[in-house]
Amino acid sequence: MTESTKKMFIHCPELEEFPYPDTCPFKTSRAGEVYKTLESMGLLTGADKVVLPPEKATDEDLLKFHSQPYLNALKKIDAGEYEMGMLLMQLGTGDCPAFEGVYQYALWAAGATITAARQIIEGNATVAFNPSGGYHHAFDSMAGGFCYINDVVLGCMELADAGKKVLFLDIDVHHCDGVQSAFYERADVMTISMHQDGRTLFPGCGFVDEIGDGEGEGYSVNLPLPPGTYDEIYLKAFREAVLPLIHAYGPDAIVLEAGADTLQGDPLAGLSLTNNVHVEVINALLAFGKPILATGGGGYNVENTVRAWSLVWTALCGEQMAHEATAGMGGVMLETTEWANGAAGLRDRVLIPSDFQRREVDPIVENVIEEVKNRVFPIHRI
């Protein structure tokens, strides 16, 4: 890392000015709460850290992936106009409500991820975190799952267009259908998604046999996990199925969607993880020595999400290396969620899986691991 290279937290007040409707469980306020939490704990200061306001995305930026008619529809909604035909674009649904400010918010949120990618390309950042990003369900001409503009696709494209091999790892509880679709026939962006099985959760896809087409065969990887999946077995899948693929691929840059809806107690999903998983995943990614662009994503228990993303930032900054802990990984966990203990106190307490969980979950996850090994590993000569 050069003297001028920073770990960048990407945020600005404008990202807090355009909330989704109160009836929607998606809360844009989470990123601002993360900023306030980190600031109050003194975790945004230091010689190698900076809070960087993003540049607002332009239409030109968005048109690298999204269609002009789709952007026009979003602009009309922003101006208070709505047409029934927009339902064909999934605009005005329960998941993707039509509200004034939707396009302005998307320009700032996507701009934050694009800004992060450009800072990495320019060599100014080894780590860049946009907690307001992670809209992985948006397609080129269709919204989905609270997502209107796919900042993740745009960030990955930015890095790929600069000649970098990109590894996108999604640990949100939902499958990254929009991102997978964008790169399904490409080998310069590998997408790996660990998510709750699509037979039990939106968006109903992301199965092991979805491995890419043409030049992209073997570069889309999916690990669908059963409800009740817990830290130890999740991390086994990560170590045995994901890490060997990242090693074989040899990325120049890593993009991580760090959704917090995998945590036990999330009202919209059924996995049983703690935020210690986020730390272990990030520590493993840091070991590759490549720049990391991280985004937020899902997370509908706001308090748990804010703590998780605050922890994600400290892990990205290398401040959780000394606290190796989760089940099956060694060490001793702090049995507390009190924030007064500093960065370490952001961690969840260890959750011990029940015998029922082990009996029901383990065989399914073991089978997923073997299926990935059988379908994808040979393509990469593993």
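The values are calculated or read from the model by the stated rules, or taken from the named source; none is laboratory data. Just so you know, these numbers come straight off a predicted model, no measurement behind them. No Cβ is skipped: glycine too gets one built from the backbone with ideal geometry, and neighbour counts run over all protein chains shown.
A few remarks follow.
- Some residue of the range 6-29 being among the β-branched types (Val, Ile, Thr), more than 22 Å from Phe146 (Cα to Cα) and in contact with a strand residue (DSSP E or B) (Cβ under 7 Å, 6 or more places away or on another chain): no
- When residues of the range 134-173 are limited to those that are hydrophobic (A, V, I, L, M, F, W, C) and in a loop (DSSP other than H, G, I, E, B), the one nearest to the chain's Cα centre (by Cα): Ile171
- The single condition among (1) in contact (Cβ under 8 Å) with a residue 60 or more places away in the chain; (2) buried (at least 17 other Cβ atoms within 10 Å of the Cβ); (3) farther than 13 Å from Met194 by Cα; (4) out of contact with any Gly (no Cβ under 6 Å at 6 or more places or on another chain) that Glu280 does not satisfy is (1).
- The range 46-71, subset assigned to a helix (DSSP H, G or I) and not polar (S, T, N, Q), residue surrounded by the fewest Cβ atoms within 10 Å (Cβ to Cβ): Glu60
- Residue count, the range 15-45 (criterion: part of a helix (DSSP H, G or I) and within 21 Å of the chain's Cα centre (by Cα)): 12
- Cβ-Cβ under 6 Å pairs, at least 6 apart or on other chains, the range 365-382 side farther than 24 Å from Tyr230 by Cβ, far side assigned to a helix (DSSP H, G or I): His380/Ala248; Ile382/Pro244; Ile382/Ala248
- In the range 204-219 there is at least one residue that is within 20 Å of Val153 (Cβ to Cβ) and surrounded by 22 or more Cβ atoms within 10 Å (Cβ to Cβ).
- Taking the criterion of being over 18 Å from the mean Cα position of the chain (by Cα) and of a type in the set (Gly, Ala, Ser), the residues of the range 225-243 that qualify are Gly228, Ala241.
- Pair list, Cβ < 6 Å and 6+ apart or interchain, from the range 124-146 residues that are surrounded by fewer than 24 Cβ atoms within 10 Å (Cβ to Cβ) to residues that are aliphatic (A, V, I, L, M) and modelled with pLDDT of 95 or more: Met142/Met89
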